[in-house]
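K.L.:
Following this message is one structure expressed as structure tokens.
The values are calculated or read from the model by the stated rules, or taken from the named source; none is laboratory data. Just so we're clear, the structure is a prediction, and the values are computed from it rather than from any experiment. Here Cβ is always computed from backbone atoms with ideal geometry, including for glycine, and neighbour counts include all displayed protein chains.
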Amino acid sequence: MLRGFDTFRKRITLLSGGLLLTLSFLLITSFYQLTASRLSVASGETLVGISQSISNMLTADIAERHREVVLLSQRSFLYENRDLSDLQGAIDRIKSSYKDYVWIGFADAEGLVLASGNGLLKGADVSQRPWFINARAVPFVGDVHHALLLERLLPKPKDGVPIRLVDFSAPVLGDNGELKGVVGIHVDWTWVREIISSSLSETSKRKSIDVFIIGKDGDILYPDSNVKGELQAPKTLPKSGEFKALVWQDGEEYLTSLVSVDSPESSSLGWKIVVRQPLSIAMSAVNDVHKLLLFLGGFSTLFCMLLAYWFASTLSRSLERLAHTAKSIQQGNRNATFQDDSKLSEVASLSCSLEKMMSSLLVREQSLMQMNLTLETKVRTRTAELEASNRSLEVIVRQDPLTQSYNRLALDEVLLGEYNLAKQSQRPFAVIMADVDYFKKVNDVYGHTVGDTVLKKMAVLFSRLVGSKGMVARFGGEEFTVLLPNFRVEEAGIIAETLRSALEKEDMDDSLFVTASFGVATYKNDDSHYEQVLNRADAALYDAKEQGRNRVIVSAY
């Protein structure tokens, strides 16, 4: 009965012909297209309604924030007192009244912040920030952006999403129209998240309806999970108030609607509310009907399916045996064979080819294993050599070649770490700067070799006296720096005096004694950079030189 159908191609042709004949249901196709069109319109109008609702709420909220900053800028009596106490009180009240206000402040005409909520950024220069630049003439509403100056001052969000802000600012003008400054409000982007979350019902969420805010440049501003720009909207979007089916970046088709967000006249945010729903879900009702009709029509194809199964089984048994053999070889059985007694010429040819391929691969596998063993040995040896070289280089690059103490690079790295730790945990640290008195005279009279000996002995003496309490580094020339973690300025002054006293008693070379001047400074909470501590210690050192040398001066600033 199977003569004439002993090839894979002929049997698949027979099976395909039977399936195509039984699945040609023109009536089902026509009915599906008609209902799909009507449901698509209804679903699209629902999405437009959601977009419009979110747009209206967002427009109203933006207008309210804009109006609040403008009113604050027009209350001229707040800016008349030199100490701005009335303004500070108003700022604190406004900030406490709206939980999403991250920062409120006033900067003078030069961009210097004179008053701010909780004192954040007070005294900072914001002259180059967009909210200040664009609001010197008219009120300004800025696009969403990452926090820059404020990021390190604000607590980290619990969800790990980077802090993003929207700026509202307005000029403060005097009676004669001159610019007195700019008042600004930074609003946390979670404000927008809450608006969108409150606009979506549980039913909308179950139907996989997604909401996006797209900026004027086409970037997706919301949701926050797209802060890295991984998701992109289609290049061609519907017009405002319309909808259409679009293919998005993931290759899936979505029913998509768009409504523009109105912004104040002085600013053009260009935000658009885009709402999408997978077309498969939007059309689920029609699909269910379609599936039902197909199910009912499936009974008529039962005979063809049974016939196709009977024909396919004669082929699948041989293919299953080949698949089982391949799996056995994959699991490590090298004695398995692809030889098959199938009467199908294609299967017999495939079995023979697979058998030859397996034999060839086994030979190559043995060769590759031997090559890999040799290569792995070489790689391990070379890696160990490189790691040893890297460790040696790390020590050399951070060590002063003359005194064998730490150099400026090592000092800067450790000092930066102490500065960051002090910023986070308020742990103090102190710096001692020491400079040999009349060192040039030592070099001129005794020679540079003796001068080098002085620096070496001075480094050894300091390291011995400081011990594990801190770090001794050669700052440059005849100048040394001592870093004392967790030391206050009074304690550091005692250490400096100990060093000074021991140094003047140390015989450097054949009854040669030297002295040094010392400057001491400690970290302050308002330091914006670790070098400020070094600068204060250096200034104190200069004062010690001016006051007669061989003394310790502790910075009072």
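K.L.:
Checking the conditions here, which among A496, A502 is modelled with pLDDT of 95 or more and either among the basic types (K, R) or exposed (fewer than 15 other Cβ atoms within 10 Å of the Cβ) (or both)?
P.N.:
A502
K.L.:
In the range 108-127, how many are under 30 Å from the mean Cα position of the chain (by Cα) and part of a strand (DSSP E or B)?
P.N.:
Going through the range 108-127 one residue at a time, the tally reaches 4.
K.L.:
Return a yes/no flag: does the range 161-173 have any residue that is in a loop (DSSP other than H, G, I, E, B), free of Cβ contacts under 8 Å to residues at least 40 places away in the same chain and either in contact with a strand residue (DSSP E or B) (Cβ under 9 Å, 6 or more places away or on another chain) or farther than 21 Å from P264 by Cα (or both).
P.N.:
No, the range 161-173 contains no residue that is in a loop (DSSP other than H, G, I, E, B), free of Cβ contacts under 8 Å to residues at least 40 places away in the same chain and either in contact with a strand residue (DSSP E or B) (Cβ under 9 Å, 6 or more places away or on another chain) or farther than 21 Å from P264 by Cα (or both).
K.L.:
Are any residues in the range 413-438 part of a helix (DSSP H, G or I) and among the acidic types (D, E), and if so, which ones?
P.N.:
Once the filter is applied, which keeps residues that are part of a helix (DSSP H, G or I) and among the acidic types (D, E), the range 413-438 yields E413, E418.
K.L.:
Would it be correct to say that A410 is within 17 Å of L541 (Cα to Cα) and not in a strand (DSSP E or B)? Please lay out each step first, then the result.
P.N.:
On the way: within 17 Å of L541 (Cα to Cα): no; not in a strand (DSSP E or B): yes.
Spelling it out, it is not the case that A410 is within 17 Å of L541 (Cα to Cα) and not in a strand (DSSP E or B).
K.L.:
For the range 53-77, which positions are within 17 Å of A135 (Cβ to Cβ) and not charged (D, E, K, R)?
P.N.:
Of everything in the range 53-77, those that are within 17 Å of A135 (Cβ to Cβ) and not charged (D, E, K, R) turn out to be I62, A63, H66, V69, V70, L71, L72, S73, Q74, S76.
K.L.:
Also, I was wondering about something else. With the condition kept exactly as written, say whether any residue in the range 174-181 is in contact with an Asp or Glu (Cβ under 9 Å, 6 or more places away or on another chain), within 18 Å of G117 (Cα to Cα) and in a strand (DSSP E or B).
P.N.:
Checked the range 174-181: at least one residue is in contact with an Asp or Glu (Cβ under 9 Å, 6 or more places away or on another chain), within 18 Å of G117 (Cα to Cα) and in a strand (DSSP E or B).
K.L.:
Counting only residues that are within 14 Å of S53 (Cβ to Cβ) and in a helix (DSSP H, G or I), how many does the range 193-202 have?
P.N.:
5
K.L.:
Search the range 270-281 for residues that are within 12 Å of Y222 (Cβ to Cβ) and pair each with any residue that is of a type in the set (D, E) when their beta-carbon atoms are under 8 Å apart and the residues are at least 6 apart or on different chains.
P.N.:
Going by the 8 Å Cβ cut-off, the qualifying pairs are V275/D210.
K.L.:
Hey, another quick one. At least 3 residues that are under 43 Å from the mean Cα position of the chain (by Cα) and in contact (Cβ under 8 Å) with a residue 12 or more places away in the chain in each: list the helices (runs of 4 or more DSSP H) lying fully within the range 439-557 that qualify. Walk me through it before giving the result.
P.N.:
Details: elements: 439-446, 448-466, 489-505, 531-546.
Where helices (runs of 4 or more DSSP H) fall fully within the range 439-557 and carry at least 3 residues being under 43 Å from the mean Cα position of the chain (by Cα) and in contact (Cβ under 8 Å) with a residue 12 or more places away in the chain, they are 489-505, 531-546.
K.L.:
Only one of L72, L58, L87, L78 is over 30 Å from L258 (Cα atoms), assigned to a helix (DSSP H, G or I) and in contact (Cβ under 8 Å) with a residue 40 or more places away in the chain. Can you tell me which?
P.N.:
Answer to the check: L72.
K.L.:
Of these, F487, F475, F513, which one is within 18 Å of R549 (Cα to Cα) and aromatic (F, W, Y)?
P.N.:
Just a single option satisfies the conditions, and that option is F513.
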